[in-house]
1. Does PRO45 fit the bill of being modelled with pLDDT of 95 or more, farther than 22 Å from ALA154 by Cβ, assigned by TED's automatic domain parsing to the domain that holds GLU151 and of a type outside the set (A, V, I, L, M)?
2. Which residues, taken from the stretch 243-282, are within 16 Å of the ligand (Cβ to nearest atom) and surrounded by 15 or more Cβ atoms within 10 Å (Cβ to Cβ)?
3. Could you go through the stretch 60-76 and let me know if any residue there is within 27 Å of the chain's Cα centre (by Cα) and within 11 Å of the ligand (Cβ to nearest atom).
4. Report yes if ARG105 is under 24 Å from the mean Cα position of the chain (by Cα) and farther than 11 Å from ALA18 by Cα, otherwise no.
5. Determine, yes or no, whether ARG199 is over 26 Å from the mean Cα position of the chain (by Cα), part of a loop (DSSP other than H, G, I, E, B) and modelled with pLDDT of 95 or more.
6. Got a sec? Which of ALA408, ALA397, ALA313 is part of a loop (DSSP other than H, G, I, E, B) and either basic (Lys, Arg) or surrounded by 14 or more Cβ atoms within 10 Å (Cβ to Cβ) (or both)?
7. Here are some conditions: (1) outside any helix (DSSP H, G or I); (2) under 20 Å from ARG347 (Cβ atoms); (3) touching a helix residue (DSSP H, G or I) at 6+ places or on another chain (Cβ under 9 Å). VAL211 meets all but one. Which one does it not meet?
8. Out of all the residues in the stretch 62-81, is one or more among the hydrophobic types (A, V, I, L, M, F, W, C), farther than 27 Å from ASP371 by Cα and assigned by TED's automatic domain parsing to the domain that holds GLU151?
Amino acid sequence: MAHGRRTRNPPRPVVGIAGLGYMGLATALAFAHRRVPTVGYDIRPELRQRLRSGRSLIYEKGLLPLLRSEVRSHRFGVVDGWTELVRQATVIFLCLPSPRGPTGRIDLGPIEQGVRELGGALRGGTEFRLVVMKSTVVPGTTESIVRPLLEQVAGRDSATLGVASNPEFLAEGSMVHDALDPERIVVGVSGTREARLLRSVYRDFPSPLVVLTPTEAELVKYSSNAFLALKVTFANEISRVAERVGGDIDRVMDGVGRDSRVGPKFLSAGPGFGGSCFEKDVAALTERARELGVPVPLLGQLVPANGAQTRHAADLVREAVGGLEGTSIALLGLAFKAGTDDVRESRAVPIAEELVRAGATLRVHDPAALDNFRTIWGQREPGGPDGLVFCTTVEEALDQADAAVIQAAWPAYRRWLPRWSRLMRRPLVVDLRRALPERLRHRGDFEWVGLGVGRAGEGTQAPARGPVP
Ligand SMILES: NC(=O)c1ccc[n+]([C@@H]2O[C@H](COP(=O)([O-])OP(=O)(O)OC[C@H]3O[C@@H](n4cnc5c(N)ncnc54)[C@H](O)[C@@H]3O)[C@@H](O)[C@H]2O)c1
């Protein structure tokens, strides 16, 4: 493969990416785009095949054009095994899954398996290689599990084999932007050689490098996700108050977030956080603290509080429709948020279950995640409620519906066309994300109910009068 344009700087080491799922692919393309020669490997042959020809198995805004251009430029290539990855790459990033295990601890199985395979490929080599843990793993994992396992299987030590941590903070929906232009890059290293190599591969990123120990870096990642989950949960709780006192949560949180001590992001109320990371990471950090005997009552409340918000969202639909038995409801937006086809921990699943259980027929639609949703819906524990109609157009979903529920704020839903209202038996939109702009909400061809928005005069409560001083 070509090694990029010549610059006055010394050539950068080739980067290897192991695991080309959501995070690994975005990371690989970001390095390639920053003119670092990058090779990737994934255990799934059909994924390798597709990526090689510039096609992706996942949808993410901006991903496809970037993939095509980096494949064309030959800065990103895909290899068929660990041996080839290790032969070409000096710095190897592990972007393997770290799913939630049964007790809330992460399941290290996929990472241990990957480390064993990598260790086998490194056996007998003499040139220095740096292995970087980019997957999210609980503090201490890189030093106390990954390093010893890798050294043992590879039969090498720190003289020719470095190990470091470099957690990833990108968010799906804005993954390409976040990977190309991270607000900060956190690396955890135990030696100067590791730090130098990481500085070198990140040289052209316009982001400050925060250099810590591996355990500190791992703790930054968990703290960061727990804090973001906390912000979302906080906005969700205040949204329930706004509904009762009569206010709009977005205007309230705009007022709150303009304080730079708070910041405006992740204060958007909704049906509860979803996605592959927040719940898993909060649970893992809470469980690790419990194992260490450290009380973390605040962290322990986040996952249950999130579940309560999802139930609240389903209740809001029930109340707006006025009973669900025998109704037909269009559920719009099945991904865990707009901008991605990822349905892992999407709130659409518990909401759909709740509505079907209450007697509704659901007609579901998503511009990108319909197939993924069909798959996870089919993989649920047996015995759950069933009976969804999968619709490939919004019109099909709205046909004769008694309400439309917006679960993910895709741009396609935001423009709510007058003819959509006419297709419905009752033109009622329950907007769990306040996706429709304010000017459309009162257009008159449909009724609009927003999560976090109190309807003036309706059920709003004035404060009790206290004693006058
Ligand atoms: N998805 C995100 O937004 C995000 C953000 C930050 C951090 N992370 C972390 O990144 C890690 C990966 O998450 P993801 O969402 O990309 O998962 P993913 O499931 O989309 O990707 C993991 C990839 O690893 C591959 N793989 C598994 N075992 C392998 C092996 N032995 N050899 C080669 N390839 C193998 C899988 O085929 C898959 O393509 C997790 O630790 C996650 O917590 C994810």
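1. It is true that PRO45 is modelled with pLDDT of 95 or more, farther than 22 Å from ALA154 by Cβ, assigned by TED's automatic domain parsing to the domain that holds GLU151 and of a type outside the set (A, V, I, L, M).
2. PHE266, PHE273, GLY274, GLY275, SER276, CYS277, PHE278, GLU279, LYS280, ASP281, VAL282
3. So far as the stretch 60-76 goes, yes, one or more of its residues are within 27 Å of the chain's Cα centre (by Cα) and within 11 Å of the ligand (Cβ to nearest atom).
4. Criteria met by ARG105.
5. no
6. Selected residue: ALA408, the only one of ALA408, ALA397, ALA313 that is part of a loop (DSSP other than H, G, I, E, B) and either basic (Lys, Arg) or surrounded by 14 or more Cβ atoms within 10 Å (Cβ to Cβ) (or both).
7. So VAL211 meets the others, but not (2).
8. Checked the stretch 62-81: at least one residue is among the hydrophobic types (A, V, I, L, M, F, W, C), farther than 27 Å from ASP371 by Cα and assigned by TED's automatic domain parsing to the domain that holds GLU151.
The values are calculated or read from the model by the stated rules, or taken from the named source; none is laboratory data. Everything numeric in this text was worked out from a predicted model, so none of it was measured. We place every Cβ from the backbone using ideal geometry, glycine too, and count neighbours over all the protein chains shown.
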